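Working notes, structure below.
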């Protein structure tokens, strides 16, 4: 559940690399890729507008070199944008002093990267508590809080282990615990599961969704894996050559791609994973129903039950029946006719 309040509001953000890159936008406020290339300038981020809503999982995805990691580093001000504005909780993030920025990162932003970056000489408990140690929190308080997040990520009983004694998935859980220990308002995750094998990656996605259901964080999540994106995202931004092609829900991206690139990007996605019951439901008409399904349930999840039933299912939203869905509608989606 999200609201429409923009926790992070990014407007016309650019990040250019090359000789005299800072001068380019003064001469041409909206240069295209060809113009930048002619100047020997790399447009890592080009004219990006995104608004991250309170409580949502906002996924940024694209192929390698599309600019997604650079954008996130601009949003967190780990690197300085060449131009643009970024508002965080109504504050001008780009105008923040070094001291203000340190406080924001210590108390309001959490970050998890593909590289676990655990301190090898510290235990799980000490790694998880490390951000609070940096803040000067007393040992008893920081360790109590660290134990809470260690339990939250499923590592209770391993507090005294060192990173070398943990599996890759367990190490990433420590990284997640460390980023959560300060209770951030905004959580950045840059391809956090891409170094894990497929089975552990799936388990970590499950764990991530469990945590989000409990914590309701505002999350910016980077991935190049569309299956991962549609599983996790409330909305997805698709990037190409430093620019955003489209921002939409997974279902909207698949059903209504804004550009040829997005259409090609989503061409091979199984529609049943993203199309929801509410999208293909019909008006209520049946006299008898086999059961109920949620309006936002993916067809993949309900297909077997609906297809096997002899009568339709009610589609429910907020406890109210808003339509019905039957086996034929499900089969149409599964076969590509719907």
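Readers should treat all values here as calculations from the given coordinates under stated rules, not as data from a laboratory. Everything numeric here is computed off the predicted structure, so don't read it as measured data. As a convention, Cβ positions derive from the backbone with ideal geometry for all residues, glycine included, and neighbour counts pool all protein chains shown.
Give the calculated FRET efficiency between residue 328 and residue 234 to the nearest 0.05, with a Förster radius of 30 Å applied to their Cβ-Cβ distance. Please list the in-between numbers first.
Working: r = 30 Å, r/R0 = 0.99.
Once the sixth-power term is evaluated, E becomes 0.50.
Taking the structure as given and computing semi-axes √(5λ) of the Cα gyration tensor in Å, which label from (i) 36, 23, 16; (ii) 37, 30, 18; (iii) 33, 29, 14 fits?
The listed entry that was calculated here is (ii).
Using R₀ = 51 Å, calculate the FRET efficiency as 1/(1 + (r/R₀)^6) where r is the Cβ-Cβ separation of residue 309 and residue 216; round to 0.05.
So the FRET efficiency works out to roughly 0.90.
Measure off 7 Å from each Cα along the Cα-to-Cβ vector at residue 256 and residue 19, then give the distance between these two points in nanometres to one decimal.
With each label placed 7 Å out from Cα toward Cβ, I get 4.7 nm.
Given the chain, what percent of its DSSP beta bridges are antiparallel, to the nearest 5?
55 percent
Using a Förster radius of 45 Å, what is the FRET efficiency between residue 92 and residue 285 based on their Cβ-Cβ separation? Nearest 0.05, please.
On the way: r = 54 Å, r/R0 = 1.21.
According to the calculation, E is roughly 0.25.
Rg and Dmax of the range 274-335, using alpha carbons, in Å: what are they?
Taking only Cα atoms of the range 274-335, I get Rg and Dmax of 10.1, 30 Å.
Percent relative contact order of the range 274-335, based on C-alpha pairs within less than 8 angstrom and at least six residues apart?
37 percent.
Do you know the relative contact order of the chain, to the nearest whole percent, from alpha carbon pairs under 8 angstrom that are 6+ apart?
On the way: 620 pairs, mean separation 58.3, N = 338.
Relative contact order here is 17 percent.
Can you tell me, using C-alpha contacts under 8 Å and at least 6 residues apart, the relative contact order of the range 19-171 as a whole percent?
Working: 87 pairs, mean separation 22.4, N = 153.
Rounded, it is 15 percent for the range 19-171.
Note down the nm distance, to one decimal, between modelled labels 7 Å out along Cα→Cβ at residue 28 and at residue 203.
The two pseudo-label positions are separated by 5.1 nm.
Sort the following peptides by mean Cβ neighbour count (other Cβ atoms within 10 Å, averaged over residues), highest first: 174-180, 122-128. Could the numbers behind the result be given before it?
Details: 174-180: 24.7, 122-128: 22.4.
Top of the packing list down: 174-180, 122-128.
If each DSSP helix of 4+ residues adds -39,500 (n - 2.57) and the sum is divided by the residues in the chain, what number results at 222 nm, nearest 500 deg cm²/dmol?
Details: 15 runs with 134 residues, N = 338.
Result for the chain, helices only: -11000 deg cm²/dmol.
With the convex hull built on the Cα atoms of the range 228-338, state its orientation-averaged projected area in nm². Don't skip to the answer; put the middle values down first.
Values: hull surface 29.8 nm².
Mean shadow area of the hull around the Cα atoms is 7.5 nm².
If each of residue 51 and residue 292 carries a label point 7 Å out from its Cα toward its Cβ, how far apart are those two points in nm?
3.3 nm
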